[in-house]
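The next block holds one structure in the form of structure tokens; read it before the comments.
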Amino acid sequence: MNRRVFLSLSAVTTTTTLLYPTESFHTHQLPKDIYQLIERVQEHLFPDGSVIPSAKDFAATVFLDGTLSHPSFDKDIKAFVIEGAESLQEREDYMFLTYDEARREKALRAFEETSKGSGWLNRIMILTLEGMLSDPLYGGNSGESGWQALGTRGGDPRPTVRYVEL
């Protein structure tokens with residue numbers, strides 16, 4: 001690589017970094033294994049090819065991770081979400097991420113029959129729906145896909161900052 005190419009690439013990288021706010025670059029706050037398990041569960045609950053957008057399409061896990069990681073979020077709910085994911089991992093001998101769709105369905109139905117599993121899946125569903133319907137500023141509802149699927153739009157006035165600082 002010659003000097004001219006190097007300087008051009010450096011300028012493009014610097015400009016791109018300055019133009020996009022740091023909040024748009026998501027870094028996982030949850031432990032990687034927990035993040036991946038929740039992501040797989042959300043993708044199972046909201047799969048590709050449905051009338052509504054998939055969990056991947058509306059960035060469900062990005063929203064959930066950002067929400068749980070915010071200092072104002074309820075610490076007990078965050079702990080419950082993490083502990084529930086750990087319970088599902090243990091229950092499935094840490095193999096859940098390798099399961100095909102049918103096996104995931106069976107595992108989640110069995111987990112749903114337990115008191116912890118039922119509450120955990122309920123909480124994941126609530127947080128996922130919030131991600132689908134929230135303002136895209138908060139990291140979910142990418143391209144307003146959730147609103148479009150329901151034929152609605154966000155409230156007015158729309159937020160201009162992600163969260164009010166405490």
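The values are calculated or read from the model by the stated rules, or taken from the named source; none is laboratory data. These numbers were taken from a predicted model, which means no experiment stands behind them. Every residue, glycine among them, receives a Cβ derived from its backbone with ideal geometry; neighbour counts consider all protein chains shown.
Here are a few things to note about the model shown:
- Positions within the stretch 122-140 being within 13 Å of Gly66 (Cα to Cα) and outside any helix (DSSP H, G or I), in sequence order: Ser134, Gly139, Gly140
- Pair list, Cβ < 7 Å and 6+ apart or interchain, from the stretch 47-59 residues that are among the polar types (S, T, N, Q) to residues that are in a loop (DSSP other than H, G, I, E, B): Ser54/Phe46; Ser54/Pro47; Ser54/Asp48
- In summary, Lys116 fulfils each of the numbered conditions (1) assigned to a loop (DSSP other than H, G, I, E, B); (2) of a type in the set (D, E, K, R); (3) within 26 Å of Ser69 (Cα to Cα) with the single exception of condition (1).
- Here Thr13 clears all of (1) farther than 27 Å from Ser134 by Cβ; (2) at pLDDT 95 or above except the condition numbered (2).
- Residues that are surrounded by 19 or more Cβ atoms within 10 Å (Cβ to Cβ) and either over 12 Å from Ala59 (Cα atoms) or polar (S, T, N, Q) (or both), drawn from the stretch 122-142: Ile124, Thr128, Ser134, Asn141
- The residue pairs whose first member lies in the stretch 121-147 and is closer than 16 Å to Arg158 by Cα, whose second member is assigned to a helix (DSSP H, G or I) and of a type in the set (Val, Ile, Thr), and whose beta carbons are closer than 7 Å, counting only pairs six or more residues apart or on different chains, are Gly139/Val62; Gly140/Val62.
- Verdict on Leu108 being touching a Lys or Arg at 6+ places or on another chain (Cβ under 6 Å) and buried (at least 17 other Cβ atoms within 10 Å of the Cβ): no
- Residues considered: Ala110, Ala149, Ala85, Ala102. Of these, the only one that is over 19 Å from Ala55 (Cβ atoms) and among the aliphatic types (A, V, I, L, M) is Ala110.
- Every test in (1) surrounded by fewer than 17 Cβ atoms within 10 Å (Cβ to Cβ); (2) in a helix (DSSP H, G or I) is passed by Val161 save one, and that test is (2).
- Residue list for the stretch 31-46, restricted to those being in contact with a Lys or Arg (Cβ under 9 Å, 6 or more places away or on another chain) and not acidic (Asp, Glu): Arg40, Val41, Gln42, His44, Phe46
- Residue within the stretch 92-102 that is within 18 Å of Ala59 (Cβ to Cβ) and of a type outside the set (Gly, Ala, Ser) present: no
- Being over 15 Å from the mean Cα position of the chain (by Cα), exposed (fewer than 14 other Cβ atoms within 10 Å of the Cβ) and in a helix (DSSP H, G or I) holds for only one residue in Arg153, Arg103, and it is Arg103.
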